[in-house]
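K.L.:
Structure in structure tokens, see below.
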Amino acid sequence: AAKINDQESCVDYIGPDGAGHYVKMVHNGIEYSDMQLISETYFLLKNMLLMSNEELANIFDNWNKGELNSYLISITKEIFKKKDTSGKYLIDLILDSADNKGTGKWTSKSALDLEEPLSLITESVFSRYLSALKEQRVYASKILSGPKINKLSFNKKDFIEKIRKALYLGKIISYAQGFSQLKAASEKYKWNLSYGKIAKIFRAGCIIRAKFLQKITDAYAEKNDITNLLLTPYFKNIANEYQNALRSVVSYAVIYGIPIPAFSAAIAYYDSYRTA
């Protein structure tokens, strides 16, 4: 099995009947939203701040040294630098139409059955479906109008930091939704899942492996019966500190006419959840 810090094996018994498969499915669903949030971040930096691929690579490299440290951030940094045989950046040549294998869809279907508000993962699935409507989008781009921008003023360095905070909080909200769904499934199917152990085995050898999974493990070590990760001390503090950044990024994107469905879903869920 994959090992964390070359010592601890990331393997565990999950539960009876289909529990292990279910957890893997939700892992893949979280992966969908992780990748969607990263792609929306790229789209904002590229289209609002007009950053070059080299600048993007440097920013992601810098982010990967902090709380966003993860497998997906580290490979995205490399993707920005990748060139084809003619010396052109590969990312600028790839068709903006995404396929899917179904695990995100299954996760969302299960969320509907369990009555879980899994908005980020579901928006990520819908985003792939929308991206596949390439011909329709090309036609619509010629007849549907967007906002006419009188130059919006923002400090570039400050806005990059706001995007970083929005990305981190967006990821946290996505994981909070995913683990809430695992809890609902565990209760319905009587699996008695250990959520701390699940976060622990996600730390190496999988797509969503990220530094902050340790924070999830720590939270469940204190209390396995957490209602929602956003209510735990570490994540509550991050949410309270970063929510204005997420709010600001979404506001600017809407004004610019840049679609960021996962970020938008994150702030909508956050505001709905905290409304008495």
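The values are calculated or read from the model by the stated rules, or taken from the named source; none is laboratory data. Just so we're clear, the structure is a prediction, and the values are computed from it rather than from any experiment. Here the Cβ is made from the backbone with ideal geometry for all residues, glycine too, and neighbour counts use every protein chain on show. The protein model used for the area step is the full one, side chains on, heavy atoms only, and it has no ligands, DNA or RNA in it. Shrake-Rupley method; radii C 1.70, N 1.55, O 1.52, S 1.80 Å.
K.L.:
Among the listed pairs 101/157; 109/134; 46/83; 83/200; 81/156; 109/171, which are separated by more than 28 Å between their Cα atoms?
P.N.:
Among 101/157; 109/134; 46/83; 83/200; 81/156; 109/171, the Cα-Cα distance tops 28 Å for 101/157; 83/200.
K.L.:
Can you list the trypsin sites (Lys or Arg not before Pro) in region 218-265 that are in a DSSP coil and have 12 or fewer other beta carbons within 10 angstrom?
P.N.:
Hits after loop and neighbour filter: 223.
K.L.:
Moving to a separate point now. Decide, for region 21-141, between rounded, prolate and oblate: order the square roots of the alpha carbon gyration tensor eigenvalues as a ≥ b ≥ c, take rounded if a/c falls under 1.5, and otherwise choose prolate if a/b is larger than b/c, else oblate.
P.N.:
Oblate.
K.L.:
Let me ask another. Give a quick list of GluC sites (Glu not before Pro) in region 74-129 that DSSP marks as loop, anything other than H, G, I, E or B, with at most 16 other Cβ atoms within 10 Å.
P.N.:
Taking region 74-129 and a limit of 16 other Cβ atoms within 10 Å, the loop GluC sites (Glu not before Pro) found are 115.
K.L.:
Would you calculate, for the chain, the mean residue ellipticity at 222 nm contributed by helices, counting each DSSP H stretch of 4 or more residues as -39,500 (n - 2.57) and dividing by all residues, to the nearest 500?
P.N.:
-21000 deg cm²/dmol
K.L.:
So how tilted is helix 71-81 from the main axis of the chain? Cα-based, degrees 0 to 90, rounded to 10.
P.N.:
The answer is roughly 20 degrees.
K.L.:
Distance in nm between label sites at residue 207 and residue 94, each 7 Å beyond Cα in the beta-carbon direction?
P.N.:
Result for the modelled spin labels: 1.2 nm.
K.L.:
Which percent of the accessible area of the chain is formed by carbon and sulfur heavy atoms (probe 1.4 angstrom)?
P.N.:
Answer for the chain: carbon and sulfur cover 53 percent of the accessible area.
K.L.:
Within region 84-180, which chymotrypsin sites (Phe, Trp or Tyr not before Pro) sit in a loop by DSSP and count at most 14 neighbouring Cβ atoms inside 10 Å?
P.N.:
Hits after loop and neighbour filter: 154.
K.L.:
A further question follows. For the chain, what is the relative contact order in percent, using Cα pairs closer than 8 Å and at least 6 residues apart in sequence?
P.N.:
Relative contact order for the chain comes out at 28 percent.
K.L.:
Oh, and also: In degrees, nearest 10, range 0 to 90: what is the angle between the Cα axis of helix 53-63 and the longest Cα principal axis of the chain?
P.N.:
With rounding to tens, the tilt is 30 degrees.
K.L.:
Can you work out the accessible area per residue across the chain, with the rest of the protein chains kept in place, probe 1.4 Å, in square angstrom?
P.N.:
Result: 52 Å² per residue.
K.L.:
Which residues in region 101-123 place their backbone N less than 18 Å from a point set 7 Å from the Cα of residue 21 along the Cα-to-Cβ direction?
P.N.:
Only 101-111, 113-114 fall inside the zone, counting backbone N under 18 Å.
K.L.:
Please give the contour-minus-distance gain from residue 86 to residue 3: 0.36 nm per residue of separation, less the Cα-Cα distance, rounded to one decimal in nm.
P.N.:
26.0 nm
K.L.:
Can you give the FRET efficiency for residue 237 and residue 275, using 1/(1 + (r/R0)^6), R0 = 22 Å, r = Cβ-Cβ distance, to the nearest 0.05?
P.N.:
0.65
K.L.:
Between 0 and 90 degrees, rounded to the nearest ten: what's the tilt of helix 103-114 against the longest Cα principal axis of the chain?
P.N.:
Its long axis makes an angle of about 60 degrees.
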